[in-house]
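Taking it in order: structure first as structure tokens, then the write-up.
The values are calculated or read from the model by the stated rules, or taken from the named source; none is laboratory data. If you're wondering where the values come from, they're calculated on a predicted model, not measured in any experiment. Cβ placement follows ideal geometry from the backbone for every residue including glycine, while neighbour counts extend to all protein chains displayed. Areas reflect the complete protein model, heavy atoms only, side chains present, ligands, DNA and RNA absent. Shrake-Rupley method; radii C 1.70, N 1.55, O 1.52, S 1.80 Å.
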Amino acid sequence: SNGLFMIAGDGTIRLANDRIRAMLGLTPQELQAGMHFGQYIRNLGAHENWNETETQRVVDDIDQRMKQAALVRIEHHLGNGTVLSIMSQPTPDGGIILVYDDVTEVRRGQSEIAHMAFHDGLTGLRNRRSFMENLARVSRGGAVLLMLDLDRFKDVNDTLGDAIGDATLVEVARRLREACGSSGMLFRLGSDEFAFLARPG
């Protein structure tokens with residue numbers, strides 16, 4: 001499941017497997033044994049729309065890692081959203097072994113978990129935890145704080161059902177976003193409690 005290739009001390013690629021080509025979207029002609037690794041980087045850069053400065057930075061990075069007598073792990077983000085974890089291990093001849101692991105789904109899951117920790121699952125607004133953290137940070141320089149709750153919201157749930165109550169909250173959140181725009185931050189603090197927090201001016 002891992003992409004793998006080896007670079008000799010003189011910079012030529014000794015080995016490259018099909019998995020690494022599939023991960024990077026390269027053909028066998030664009031990444032093959034006997035090719036100098038700089039050409040491979042330029043081929044990859046053409047796919048990723050890198051400019052000459054970006055391409056040279058990656059070449060220099062690999063060249064630097066070939067000189068380090070230590071295992072190094074970095075992450076690289078491709079233009080299509082793929083996240084690759086790259087482990088580099090120097091070899092005794094001054095070369096390097098690169099092992100690529102696709103960690104896109106892992107990072108996406110971590111991002112979703114982090115988002116859920118600070119956002120309300122129903123409305124998508126920031127939650128009470130986010131409110132407390134932002135209030136402490138913003139209030140040090142002065143802040144505008146508006147609190148809002150819905151009158152008789154319990155009656156909506158009791159008479160029309162939770163589904164209608166949830167739809168009402170989603171609509172309220174939409175209207176608040178529309179009214180507040182990007183001037184501050186909106187929060188859902190509880191069942192029918194909302195807050196708006198912004199810096200003055």
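Details
- For the stretch 124-201, the list of trypsin sites (Lys or Arg not before Pro) that fall in a loop by DSSP and count at most 14 other C-beta atoms within 10 angstrom reads R152.
- Descending semi-axes in whole angstrom, ellipsoid equivalent of the stretch 12-67, from the Cα gyration tensor: 18, 15, 9
- Degrees, to the nearest 10: 128-138 long Cα axis against longest axis of the chain: 80 degrees
- Angle between the chain longest axis and helix 162-180 axis [Cα atoms, degrees, rounded to 10]: 80 degrees
- List I86, I97, I113, ordered by accessible area with a 1.4 Å probe, largest first: I113, I97, I86
- With q set to 0.16 Å⁻¹, the log10 of I(q)/I(0) for the chain, from the Debye formula over equal scatterers at the Cα positions, is -0.94.
- Principal semi-axes of the equivalent ellipsoid, √(5λ) from the alpha carbon gyration tensor of the stretch 113-156, are 23, 18, 6 Å from largest down.
- Taking every protein chain into account, the accessible area of the stretch 110-188 amounts to 68 square angstrom per residue (probe 1.4 Å).
- The convex hull drawn around the Cα atoms of the stretch 98-138, when projected onto a plane and averaged over every direction, covers 4.4 nm².
- The stretch 109-201: projected area of the alpha-carbon convex hull, averaged over directions, in nm²: 6.7 nm²
- Gain on full extension, evaluated as 0.36 nm per residue between R19 and H115 minus their Cα-Cα distance, stands at 31.4 nm.
- When only alpha carbons are used to place a centre, the stretch 1-53 and the stretch 132-195 end up 51 Å from one another.
- Placing a label point 7 Å from the Cα of L145 along the Cα-to-Cβ direction, the residues of the stretch 99-128 with a backbone N closer than 15 Å are 128.
- List M6, M116, ordered by accessible area with a 1.4 Å probe, largest first: M116, M6
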